[in-house]
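I have placed the structure first, in the form of structure tokens, so that the comments after it can refer back to it.
A short reminder: the numbers here are calculations on the coordinates, not readings from a lab. Predicted model only: the values in this text are computed from it and were never measured. So basically every Cβ, Gly included, is an ideal-geometry build from the backbone, and we count neighbours across all protein chains shown.
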Amino acid sequence: MNTFQQIKTLVYKDIVLEWRSKYAINGILLYVVSTVFVCYQAFKSVDTLVWNALFWIILLFASINAISRSFTQESAYRQLYYYTLVSPAAIILSKIIYNSLVMLLLSTIAYAVYSLTFKQPVGDPLLYSITVLLGSMSFATVFTMVSGISAKAGNNSTLMAVLGFPVIIPLLIVLIKLAHNALVGLDRAISTGEIVVLLAINVITITISLLLFPYLWRD
Amino acid sequence: MRKSWWKILGLVMVASAIVGGLLGPVPVLPILHETIRNVYFHVPMWFAMLTLYLISVIFSVKYLNSGKIEHDLLAVEAVNTGVMFCAMGLFTGMLWANITWGEPWPNDPKLNGSAIATLMYLAYLVLRNALEEEQKRAKIAAVYNIFAFPVMIVLLYILPKMTDSLHPGSGGNGTFGDLDMNNHMRPVFYTSVIGWILIGVWVFTLRYRLRLLENKKNQIS
């Protein structure tokens, strides 16, 4: 099997595993919906700035919860078995793709529930959707590698937060700014710089993950 | 690196930068006034920090290739020294900001970026403490160090350029060199930068050699 097929099979395997139990995805969805609802009950109505910040904070914690388990849900023996079958690049890429898909589903539902409860006119819905899409992808790429590192380090959730937050903050700053541009409906030409930076960070993160993961899994 | 000429050179350069920086002529500018002399002390800290972090990443890459424990020790001591220079850079910056911008911590992307970058390197040190086994610790820490480095570059040098910033050279501001420095200041400034980088590297090698001795002491012969 070449790498591309390996990635396809691994992503398919992850989806099937999740589909059989539906435990993780339902748990995270419930988490997102209840957090949104708690925020709604607490704030009732908010201004644009807070609305935007709150949404990204909810997404941040949801993504950390969703992705932190990506390397621990299967036993070490089964992972050893995978490592004998496929290349490490295929494993990290398949995890990134699978986590991006999960995050995409998650953020779409979060966005739908959020805008349903908090009524907030979005100036440029298409750009906001693109931001959400880019955001879920960025969370997935960064946190997949960080969760791999923290899984090797005994996987306590504190470590995941300590390692992950400083790395995600620059992305979050750009995302919040881009989302704010979309909310107030600024001209799209203004936001191209942010989109380019986001894409560039994503490309860099994926490249570094690909380079470093082979060293990480070889125990 | 055991030769001593570059250490003496570093000392002489820093000493002459201190004397020249405090006594030399500076342009009279509004708001900045005499505090412009801080550029000789504040900016070199960041140069020294960046050099040390760069050294650290290089040795992390080397560790992953070679698996020699010495390379890991070099990487961690470079980070330890770099964090110290970062703290001094923040401190001198806060003193300066208090006078020119009115408060020690204005909401500036470069300040926040450097604070977050510090958090990242402190996380690296926490990660090392979380792991017991030496080889495993060295490897995972090296991976995180390399992973964090480009993010640090983005935080300190790319994001501030995109937003409004109080710092020169950011957010469409002219750089300090174009606007405020005159030709009397330049030689002192470059002497100070090179001197502090040399001192930083010296401290780093000293710490590394101490760590080596400690390792030797702890070994069962």
Cβ-based exposure ranking for A:Ser115, A:Ser100, in which fewest neighbours within 10 Å come first: A:Ser115, A:Ser100
Peptide B:150-159 - average C-beta neighbours from other chains (10 Å radius): 5
Quotient of C-alpha Rg and 2.2 N^0.38 Å, computed over the stretch A:1-57: 1.77
Size descriptor, Kirkwood hydrodynamic radius, that averages inverse alpha-carbon separations across the stretch B:39-212, Å: 17.1
Whole-Hz ³J(HN,Hα) from phi, Karplus 6.51 cos²θ - 1.76 cosθ + 1.60, for the stretch A:32-38, glycine and proline x: 4, 5, 5, 5, 4, 5, 4
Binned Cα-Cα distances of the stretch A:93-219, short to long, each 5 Å bin given as a whole percent: 2, 10, 18, 21, 19, 13, 9, 5, 2, 1, 0
Per-residue [θ]222 nm for the protein assembly as shown (sum of -39500 (n - 2.57) over DSSP H runs n ≥ 4, rounded to 500): -27500 deg cm²/dmol
Average other protein chain Cβ within 10 Å of Cβ, residues A:203-214: 3
Value in Å of the Kirkwood radius, where chain A supplies the Cα pairs that are averaged: 18.1
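Mind jotting down a quarter of the surface of the convex hull over the alpha carbons of the stretch B:1-120, in square nanometres, one decimal?
9.2
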At q = 0.12, 0.13 Å⁻¹, base-10 log of I(q)/I(0) for the protein assembly as shown (Debye sum, equal scatterers on each alpha carbon): -1.09, -1.21
Rel. contact order, % - alpha carbon contacts under 8 angstrom, at least six apart, the stretch A:3-217: 29
Relative compactness, the stretch A:130-182, computed as alpha-carbon Rg over 2.2 N^0.38 Å: 1.26
Rounded to whole Hz, the Karplus (6.51, -1.76, 1.60) HN-Hα couplings of the stretch B:82-88, x for glycine and proline: x, 4, 5, 5, 5, 4, 5
